[in-house]
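First up is the structure itself, then whatever we jot down about it.
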Amino acid sequence: MYRTPLTAISLAALTLTTLAACESDDDDTMSAAACDAYVEVQSAFFGDPAVLATSSQAFVEAAPESIADEAATLAEAIQASAEDPAAMETPEVTTALQVVGDQVYDDCDADEKLEVTGIDYAFEDLPEEIDAGRVAIRFDNESDTEEPHEMIIATGAEGQSAAELAGLPMEELFQQARPLAVAFTDAPDQHATTLVDLEPGSYLVICTLPVGGFAEGQDGPPADPHSAHGMVGTLTVV
């Protein structure tokens, strides 16, 4: 099991990032209402946990019949993870994340659709610049060393540039950065989908997980984060 200060955030936010979609009258596709509601939920995730719980249940009600069971599995795990982060770490949740995420990526009406790969240790196929608007990102883990990988998108809480954020020590980073979206993959050959509205500006893209991970209860300081080995970048939105 891998633990960082953001692992629980990554897992729960990853769940939320896979529940959005585009408008359709087909019961087997995501609706525009579900997509819009998802964006609100993702924002709520980084704030009041009570709002997150309410919003995640609203996603269940908006989800199409084709993924109703998976949406319910995710919502239950999100709500349980407030007290027990391990609730997000079951095979059933992993499967639900990918099933829902695939439908989100296929159905969602986004201004930009990206496919980004996490390797040891870099983000491949991450563009330097994209247009503002709704962005769908499928994040694939292609680690050669059994590493988990995450893709966090953050902006400065008080206007710091992505370059300034990237230079901060990890213990200070998320005191100043404001996470907007995250996709987390627990192991190679997994993928996750996130959907986020991005305004013009400079964004930090980073993986904060420790090299090699660490087991719960392990003594000693955590290993260097993946970002210290190059898994960090910037994204300009115009």
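Bear in mind these aren't lab numbers, they're just calculated from the coordinates by the rules spelled out. Note that the structure is a prediction, hence the values are computed from the model and not measured. Glycine gets a Cβ as well: all are built from the backbone with ideal geometry, and neighbour counts include every protein chain shown.
Have a look at Ala96, Asn141, Ile67 and report the one farthest towards the positive end of the charge dipole of the stretch 7-237, computed about the Cα centre with Cβ charges (Lys/Arg +1, Asp/Glu -1).
After comparing all options, I get Asn141.
So what does the Cα-only Debye profile of the stretch 7-237 read at q = 0.11 Å⁻¹, as log10 I(q)/I(0), no solvent term?
For the requested q values the scattering log ratios are -0.50.
Between Thr54 and Glu83, 0.36 nm times their residue separation minus their Cα-Cα distance comes to what?
Here the answer is 8.9 nm.
With a 10 Å Cβ neighbour count serving as the proxy for reagent exposure, in which order, fewest first, do Leu97, Leu168 appear?
Ordered by Cβ neighbours within 10 Å, fewest first: Leu168, Leu97.
What ranking do Tyr203, Tyr121 get, fewest neighbouring Cβ atoms within 10 angstrom at the top?
Ranked by crowding around the Cβ, least crowded first: Tyr121, Tyr203.
Quote to one decimal, in nm, the extra length available between Lys113 and Asp36 on full extension: 0.36 nm per residue of separation minus the C-alpha distance between them.
So the extension gain works out to 26.1 nm.
Please report Glu146, Glu128 as a ranked list, fewest other C-beta atoms within 10 angstrom at the top and most at the bottom.
Going from sparsest to densest Cβ surroundings: Glu128, Glu146.
In percent, what relative contact order does the stretch 139-203 have, based on Cα pairs under 8 Å that are 6 or more apart in sequence?
46
Between the stretch 177-192 and the stretch 153-172, how far is it from one alpha carbon centroid to the other, in angstrom?
18
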